[in-house]
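The structure under discussion appears below in the form of C-alpha cells.
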Amino acid sequence: MAKWTAQHEAPEPLEGPIVATVTGGTILWFALFLVQLPFYGWFADHEMLWWLWCCAAGGVLGLIGLWYVRGRDAALKRHAAARAAAAHAQAQTAEPHAQAQAGESQAGETSRAAEADPAAHVKPPGHRTAG
C-alpha cells in the first residue's frame, strides 16, 4: 500500500497570546490545588489524593512552561528586531548605490549622445587647450 501524502501545503502555525494562555492555565491549576487543599482528609480517605497532586503538578509544570514561553517570545521579538534592523541597513546602503548607478547611467547617456552627434564635440572658436 502506498504512503499517503498531502496534496496541499500545511497551513501556517497559529500565533496568539501564548504567554497569557500559559499564565492563565498555571493560575487555574494552582487555584484548583488551593480549592481542594481543605478537603485533603476526604481525598485521603477515598484514595483520591492524586487529584490534589495532579493540580499541584499542573501548577509547577505551568511555571516551567511560563519560563519557556517568555524566553521564546523574547527570542522571537529579538529576531524580528534584528531582521528589521538588517533590512533598514540594507535599504540605507542600497540607496547611495542606486544614486551612484543613476549618476553613471546619466553619464553614459551623455557619452552615447556625443557619439551619436559628432558635432556636439566641436569646440567653439577661441577655445584654448591647456598645454
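We did not get these values from a lab; they are worked out from the coordinates using the rules stated. This one's a predicted model, so the numbers in the text were calculated from it and none came from an experiment.
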field: Derived scalar couplings ³J(HN,Hα) [segment 53-64; Karplus, 6.51 cos²θ - 1.76 cosθ + 1.60; whole Hz; x for Gly, Pro]
entry: 6, 5, 5, 5, 5, x, x, 5, 5, x, 5, 5
query: Can you work out ³J(HN,Hα) from phi for every residue in segment 46-51, in order, using Karplus 6.51 cos²θ - 1.76 cosθ + 1.60 and θ = phi - 60°, giving whole Hz and x for Gly and Pro?
result: 9, 6, 10, 5, 4, 4
